[in-house]
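None of the figures in this text is laboratory data; all of them are computed from the coordinates on show. Note that this is a predicted model, so its numbers are computed, not measured. For neighbour counting, all protein chains shown are included, and Cβ atoms are generated from backbone atoms with ideal geometry for every residue, glycine included.
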Amino acid sequence: MSLLQFLAHIPNDILKRLGDLNVDSRSESCRREINDLLQQTVLIGGKRLRPLLTFLMGQFFGLDLDECELPARAIEQVHAASLSHDDVVDNASTRRGRPSINVVASNKRAVLAGDYLLANVIVDLASLNRPDVVSEMATVIKDLAEGEWLQLDAAQNRAYTRESLREIALKKTASVMSWCGVAPALIKNAPTPMVEYARQFGVKLGLAFQLMDDVLDFQGPGLKDQLLDLENGQVNSVLFEWLDLHPELFLRYKNGESIQDLWQERQFSSSLNQSLSTALLAVRSEAEKNLDEARNILNLMNRELGNSENQKSFKALEFIVDYLGQRSF
């Protein structure tokens, strides 16, 4: 499915809001160089899936789209800040086919730009006079840092397990997706059970998104950087399942051999190639399981809300859940 086909399923009023969304820092004290650097790197392009989900969930809960703009901008800025920091941690050289922020500027400036974005988000959210919303975002930012730390530990200690990979995905991806549902629910003053439904919807969606991202690392077309985790020496869920099917390879990896060298042995072994298909199928199945759970939660929320005016956003959210199971970008 092309991007244009995807966008055809999104309500026009939300598409307009998404296109007009300004994710620049609004602070007059922000040096122009910081905004320019961010716009050249981590804020350029992208699908803006997170603000899209925030607008849709806000409309689903009955918020005016004006009320959704600040939380939608906030989550995109936090996502951009995490990319800025990740590029430094990973010693990246490119992002989305362009020089990464640490290459355009420097490691120090990349870290400072990410820090500034995070601080700007908290200042903006504080203007809502909603401590619960600010606390929710603080937890997201904390989870992102913990997730990156856990990923570093797993890579350095070669101590990957299914449980550790799931926890990393919960911290680094699902926490961000959960904001997209929780923030609108809190701003709407939804009952606590509904807020938790919104949280779990985002969590399940985020886990599925990360799992499919791992699949696309091996199967995706040009819009997804191919074998990026492998090049960075990281074991994602597909590589883990592949190694788990070959205990002798897994042991060699744990004993210090590089994942890249072990991967190259596929050239000389049909069984190693065949087991990759098995690994991809296992990860896809886990993603589909999470999407099924997200779909069930969405339907439950829709029944609980019982609002005929939210059906266009409900249908769009339904479409996104279905789409994530077959996405190619």
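Cross-link list K171/K254; K108/K289; K171/K289; K108/K171; K142/K254: which exceed 31 angstrom alpha carbon to alpha carbon? Flagged as over cut-off: K108/K289. Arranged from fewest to most other beta-carbon atoms within 10 Å of their beta carbon, W263, W242, W149, W179 become W149, W263, W242, W179.
Taking each DSSP H run with n ≥ 4 as -39500 (n - 2.57) and averaging over every residue of the chain yields -23000 deg cm²/dmol at 222 nm. P(r) tail for segment 166-303: Cα pairs beyond 21 Å make up 50% of the total. Treating each Cα of the chain as an identical point scatterer and summing with the Debye formula, the log10 of I(q)/I(0) at q = 0.08, 0.14, 0.15 Å⁻¹ comes to -0.38, -1.15, -1.30. Near K315, which aspartates and glutamates are there with a Cα under 13 Å away, not counting those fewer than 8 places off in the same chain? Those aspartates and glutamates meeting the cut-off do not exist here. Taking other C-beta atoms within 10 Å as the exposure proxy, F60, F250 rank F250, F60 from fewest upward.
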